[in-house]
Amino acid sequence: MKRAMTIAGSDSGGGAGIQADLKTFQELKVFGTSALTAVTAQNTLGVQGVFPMEPEAVASQIQSVGEDIGTDALKTGMLFNAGIIQAVSEKIKQFGWEKVVVDPVMIAKGGASLLQQEAVSALKNQLLPLCLIITPNIPEAEVLTGMSIRSMDDKKEAAKRIHALGVKNIVIKGGHDTETNESVDILFDGKEFVFFSTPRIETNNTHGTGCTFSAAITAQLAKGSSVREAVSIAKEFIQAAIANPLGIGNGHGPTNHWAFNSKTESGVISWQE
Ligand SMILES: Nc1ncnc2c1ncn2[C@@H]1O[C@H](COP(=O)(O)OP(=O)(O)OP(=O)(O)O)[C@@H](O)[C@H]1O
Ligand SMILES: Cc1ncc(COP(=O)(O)O)c(N)n1
């Protein structure tokens, strides 16, 4: 059985964070483990509270998983502060893990900060050199590069700049590019650009899309997919999850983690509520 670990925050509302990651791992048939970095009091309307763990508690959870169960791939989500980033980076080095996906979570949809501003340099200097793939959305790519991203050429330039920080593969996600009819994610491996494009879905149900997408990449890497194949399957997974909402909550609703496996052979999703 292949194993995948998520190092991320808890979303009490179940749509993002550790909960989204474990649901995705389950659907993609890998055994999921977790190290909690923070507890958030959260629902589809927003984040009502953030309670970070001590870095030592995060390190201890990773140690417990690593020394017994191990992992074939891992992802990081909400890391919140520099102390937690340092603890996570040290453990990744200690265990020699290479299939590391970093979702550089910074701000929740409702605007709450999930990463302290002063932790950005720790993220760049300590964690990014250890990762195989980073998956920023457009605002996160802007913070990492210091440039504003308006066009496809800007996305390409930002990917090149993040590659220069020592990251092997960069996926800049297109979810925030609301002026186009397509949601285009671009992958850069230092040489080539690959574009993953799907029709943009007009919906309020996008809570946790980034978490789910990066968890799907992680699950596929754990099973032995190449980077390109993992991103391609993750894009299909998130498209199905957004296209088949569950009608939960009064705000930004969660995506549907069952939908991908409800697709028929012709590609039509046969999900029924
Ligand atoms: N409305 C949409 N229609 C189709 N695909 C979308 C839509 N919104 C997001 N996506 C896809 O979902 C994935 C996550 O992208 P997004 O840019 O929303 O990440 P994110 O902002 O980090 O997500 P979040 O912060 O909600 O977890 C990408 O593959 C993106 O293309
Ligand atoms: C614990 C946790 N991790 C990540 C996100 C980002 O997801 P979103 O931007 O959809 O709120 C979140 N809201 N909560």
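Read-outs: derived from the displayed coordinates by stated rules, not from any lab. Computed from a predicted structure; not experimentally measured. Methodologically, a virtual Cβ is constructed for each residue, glycine included, from the backbone with ideal geometry; neighbour enumeration extends over all protein chains shown.
Details
- Computed helical MRE - 222 nm, the chain, DSSP H runs ≥ 4 contributing -39500 (n - 2.57), nearest 500: -10000 deg cm²/dmol
- Span per principal axis, largest first, for the Cα atoms of the chain (Å): 45, 38, 38
- Put a plus charge on the Cβ of each Lys and Arg, a minus charge on the Cβ of each Asp and Glu, and nothing anywhere else: the dipole of the stretch 48-130 about its Cα centre is then about 320 debye.
- Asn43 long-range amide H proximity, modeled H, under 5 Å: Gln48
- Note, ³J(HN,Hα) from phi for the stretch 114-126, Karplus 6.51, -1.76, 1.60, rounded to Hz, x at Gly and Pro: 10, 9, 5, 4, 6, 8, 4, 5, 5, 4, 5, 7, 9
- In the stretch 125-223, Rg over Rh equals 0.95, where Rg is the alpha-carbon radius of gyration and Rh the Kirkwood radius from pairwise Cα distances.
- DSSP-defined antiparallel bridges as percent of all bridges, the stretch 3-262, nearest 5: 45 percent
- Between Gly32 and Ala4, the built amide H atoms are under 5 Å apart, and every one of these is 5 or more places off in sequence or on another chain.
- For the stretch 3-262, averaging the sequence separation of C-alpha pairs within contact (under 8 Å, six or more residues apart) and dividing by the residue count gives a relative contact order of 20 percent.
- Taking the Cα centre of the stretch 3-262 as reference, the dipole from Cβ charges on Lys and Arg (+1) and Asp and Glu (-1) amounts to some 300 debye.
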